[in-house]
Each structure stands twice: as C-alpha cells, then as structure tokens.
Amino acid sequence: MFRIVSAGLILLASPAFADEPCTPIHFARGATFAVVSGTAGTDGPSPCYTLQTGKGQIATLKFTKTDGNMAFTIEGLVDDRDDYTFKTEAKTYTFGVFPTLRSNPTPFSLRVEVR
C-alpha cells in the first residue's frame, strides 16, 4: 500500500513537459559542455531538452544560475534535482526544468557536461 501511494506522489510532483518537441542540446566542436538558459514558472509548461549520449560516458547537469527554486527531472532516471552526475547509456535522455515551489517565471542557466 505504501509503495502505491509513494509512486502516486512522485507522479504528481513531476513536471509536465511541453507539448512541443523538446530542444536538443548540441555541443560546440571539441566542447564537453553546453549551457542552456531560459525561464520556468509554475503556470506554464516546463522547458524541456534532449541529450543524446554514448554508452559509458559521464554526464553532469548542474544549475549555474537560479534563485534557489529550480530543479530538473531526467525522465526515467531522477526527479527534482539541482545537480546530478550519472553514467550514460547509448540513448537520448529527456529532461525538464521547473520551479520547486510556486513562482512566476524565473530565469535559470543549466550546465550540461558529458565526458
């Protein structure tokens, strides 16, 4: 019973990704990171991005600019984080950015690094 309730709460807390296709992240030639910037608020769709990786790489997502009220969710991997490092599979990851508490649209910058 507890597991069912917990799973429901996680689903309710997860952001809804935009109905539009997510923005793919591309690295400049020779670069190991990119910075994505935008705004996210409670009442609008969450900005979402895709990241294509190879197997066995190390990826890190970390906010470089935020008011302390921003988080991201990597679909099928992790929810409600402001910093996360993981070993990748050969796949395309989808992640969204959202405020953790109710707020007006607020600017953010998120560094995405893959080595």
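How many of the residues making up segment 32-49 are surrounded by fewer than 15 Cβ atoms within 10 Å (Cβ to Cβ), in a strand (DSSP E or B) and among the hydroxyl-bearing types (Ser, Thr, Tyr)?
Summing the residues that are surrounded by fewer than 15 Cβ atoms within 10 Å (Cβ to Cβ), in a strand (DSSP E or B) and among the hydroxyl-bearing types (Ser, Thr, Tyr) in segment 32-49 gives 2.
Does residue 74 satisfy the condition of being of a type in the set (A, V, I, L, M), out of contact with any Cys (no Cβ under 6 Å at 6 or more places or on another chain) and within 17 Å of residue 22 (Cβ to Cβ)? Give the derivation first.
Values: of a type in the set (A, V, I, L, M): yes; out of contact with any Cys (no Cβ under 6 Å at 6 or more places or on another chain): yes; within 17 Å of residue 22 (Cβ to Cβ): yes.
So residue 74 passes the test.
State yes or no: is residue 92 assigned to a strand (DSSP E or B) and exposed (fewer than 13 other Cβ atoms within 10 Å of the Cβ)?
Taking the combined requirement at face value, the residue satisfies it.
Look at segment 50-69 and say how many of its residues are closer than 10 Å to residue 108 by Cβ, at pLDDT 95 or above and surrounded by 13 or more Cβ atoms within 10 Å (Cβ to Cβ).
1
Looking only at residues in segment 97-115 that are aliphatic (A, V, I, L, M) and more than 17 Å from residue 48 (Cβ to Cβ), which one is surrounded by the most Cβ atoms within 10 Å (Cβ to Cβ)?
Among those that are aliphatic (A, V, I, L, M) and more than 17 Å from residue 48 (Cβ to Cβ), it is 114.
The values are calculated or read from the model by the stated rules, or taken from the named source; none is laboratory data. Note that the coordinates shown come from a computational prediction; the quantities given were computed from them, not determined experimentally. With ideal geometry, Cβ positions are generated from the backbone for all residues, glycine too; neighbour counts draw on all protein chains shown.
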